[in-house]
Amino acid sequence: VCLTSLCWTMRKAALVWLLFAALACGEVLRPTVLWHGMGDSCCNPLSLGSIKREIEAQLPGIFVYSIKIGSSDVDDIYNSFFMNANDQVDYVCKALQAEPSLAHGFNAIGFSQGGQFLRAYVERCNDPPIYNLISLGGQQQGVFGLPNCPGDQSQFCEIVREALNYGAYLPFVQNHLAQADYWHDPLNVDLYLNHCVFLPDINNEPAVNGTNAARYKKNLMSLNALVLGQFDNDTMVEPKESELFGFYADGQDEEVVALRDTPLYTQDWLPPPPPPPP
């Protein structure tokens, strides 16, 4: 689901960064991979389909691969809600590795949860490798608020809300609801660390990820650029500062801590981009 004004903003942001990345590559146009957000699909003519066509128009000859999980657009939309986040990343790792046109690497643009999932791809797989990664509205530190997703998928949104209210960290919910896998409860940190199956791992929380921590950091550092975009009027992500690795301080859900003051940054869990100036 993508409102017209938001879609236009995403198109402009994606194209600006992609044009820069493509020109920086010289005469060779690196392929581009797109990953949509919750409730959208790879080929929606009003969102990702339009962005794909615009990139192809601006950069003739470029190969653009828009990720689809499942055999149809309907499957793709459904899986964006109800397929476990780890399973989605595994699916995409295999799909991108099987695409010959991506064999030598590519630039990638993720929209909303697609941006966060592409970061997980870099950390866990990155074969073929991403050169520049652009995340527009990606929930890098997760969410602690019910999604506001208007439009045709409102019935799915209601199921999401009810499941998160019932128990985001119950095994059944974690295994069957993608949004629960990045539900970050600052009021119950131990519950989050012990039972959230996705976000603590890709954020290299020391209490969770010991085995893969060095590999995740090394893979992220292999990126030429990690570009994060925050939508200032975002009503889908709470807090919206999560899009720049900010989040609530532990124990409360009112004060948002900027990236530079989070343990992720101060304790060097991941090598995120430098924080913006004060």
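The values are calculated or read from the model by the stated rules, or taken from the named source; none is laboratory data. Not measured: the values here are computed from a predicted model. Quick reminder, even Gly has a Cβ in these numbers, built from the backbone with ideal geometry, and neighbours come from all protein chains shown. For accessibility, only protein heavy atoms count, side chains too; no ligands or nucleic acids. Shrake-Rupley method; radii C 1.70, N 1.55, O 1.52, S 1.80 Å.
Just a few scattered comments:
- Two-site FRET efficiency, His176 against Glu54, from Cβ-Cβ distance with R₀ of 22 Å, rounded to 0.05: 0.05
- Taking the 1.4 Å solvent-accessible surface of region 181-278 as the whole, the part contributed by carbon and sulfur is 50%.
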